[in-house]
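Read-outs: derived from the displayed coordinates by stated rules, not from any lab. Everything numeric here is computed off the predicted structure, so don't read it as measured data. Please note: Cβ atoms are built from the backbone with ideal geometry, for glycine as well, and neighbour counts cover all protein chains shown.
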Amino acid sequence: MPVDLSNEKYVVLSHDNAHATIYYYGATLTSWVVEGKERIFVSSKAILDGSKAIRGGIPLAFPHFGTVESSKLPQHGFARNSKWTFVGLTFENANESTAVFSLTPEGVPAELSELWPFGFKLFYTVSLLSSPARLRTSLRVVNTDSKEWEFTALLHTYFKVDDITKVGVSGLQSTTYFDKPTQTHITEESSRVTINSEVDRAYLKVRGEVLVDQLVTATVERHGIKFNEEGLVGLLKIRKSSSMSDVVVWNLWEEKAKAMADMGDEDYLRYICVEVGAVEPFIKLGPGESWEGFQIVEAIEE
Ligand code: TA6
């Protein structure tokens, strides 16, 4: 069965040996299992009752990423706190299973909706693709208002890793990033970004694909002598539309994890956020106009 609607909180989409779970609350994808292996991180203290944005998965940031001086909306806007509608299964064939969700102002909590009083419709499309196994998530933004408005958007993906200290992110070299902790712009020098303390960076206009890998140690034997050898193993390959060319890399690290109510103390070791989005500059959308951005994540077989 490509789609299971039996749970009142979420939809389960299946294709080949892959499954994805998408909550109606926030249209937050909380699980992507490929060949029995979970690729998405959800905090051990995540709140899943619809009273708070889910800590983990792929929360959607809209109508803005982060906090914006000119907006009274909370950080990352309202899409992740809204009740989305399951539109249906649009594709179901040998290559993919695709489910579509939508959001209009009616699904937004009233106290948030009144802070952003514009007509809009969002479509969030989740596809499971095969050979190789990939997850495609796409956000389409439509202005249904009679006035122009502007937005930024981001797919705030938390990937599950075994040990953050062994993880690297490639594809960001020579890109300028906004470093949130120091509030400065810096050019990335490293060909493989590693995480050994808090990292909160918005890489702007990333050209190609982004690769997440992991350092592994294996014991090899040569001439009867055993050696420990280290090597890099690919975990995920992330491609993105040219409309979503910014990439945020975030791990809050130990101290902040302890201070965050919905994050387990040790959870920072088990995730890396690599978030594809359009965070700068704001995109203007006139009446009747639409915009779309997407990511395609490939689960690399070990
Ligand atoms: O995308 C990175 C970021 O903006 C960080 O600055 C960090 O605060 C994170 O998102 C989580 O934000 P949240 O509002 O979910 O606590």
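With a simple spin-label model that places each label point 7 Å from the Cα along the Cα-to-Cβ direction, the separation between Glu280 and Ser190 comes to 2.0 nm.
In order along the range 95-104, the phi-based Karplus estimate (6.51 cos²θ - 1.76 cosθ + 1.60, θ = phi - 60°) of 3J(HN,Hα) comes to 9, 7, 10, 10, 10, 10, 10, 9, 9, 10 Hz; Gly and Pro are listed as x. Other residues within the sphere of radius under 12 Å centred on the Cβ of Glu229, judged by their own Cβ, net out at 0 (K and R +1, D and E -1). Distance between the 7 Å Cα→Cβ label points at Val220 and Asp163: 1.9 nm. Listed values for the range 106-111 are Karplus-derived 3J(HN,Hα) couplings in whole Hz (6.51 cos²θ - 1.76 cosθ + 1.60, θ = phi - 60°), namely 4, x, 8, x, 3, 5, and x replaces Gly and Pro. A protection proxy built from the mean count of other Cβ atoms within 10 Å ranks the segments 263-270, 106-113, 72-79, most packed first, as 72-79, 263-270, 106-113. Under a 5 Å amide H cut-off, with hydrogens placed 1.01 Å from N, Asp145 pairs with Gly119, Gly288 among residues at least 5 apart or on other chains. Taking label positions 7 Å along the Cα-Cβ direction at both Ser71 and Glu230, the computed distance is 4.1 nm, reported to one decimal. Annotation: lysines with alpha-carbon distance below 22 angstrom to Lys45 (same-chain offsets under eight excluded): Lys9, Lys37, Lys83, Lys160, Lys256, Lys258. For the range 162-179, putting each phi into the Karplus relation 6.51 cos²θ - 1.76 cosθ + 1.60 with θ = phi - 60° gives couplings of 6, 7, 4, 5, 9, 8, x, 10, 10, x, 10, 4, 6, 8, 7, 10, 8, 8 Hz, in residue order, rounded to whole numbers and with x for Gly and Pro. Across all directions, the average projected area of the convex hull around the alpha carbons of the range 120-204 is 8.5 nm². Peptides 16-22, 178-184, 252-258 ranked from most to least packed, by the mean per-residue count of other Cβ atoms within 10 Å: 16-22, 252-258, 178-184. Calculated [222 nm] ellipticity per residue, helices only, for the chain: -1000 deg cm²/dmol; basis is -39500 (n - 2.57) per DSSP H run with n ≥ 4, divided by all residues, nearest 500.
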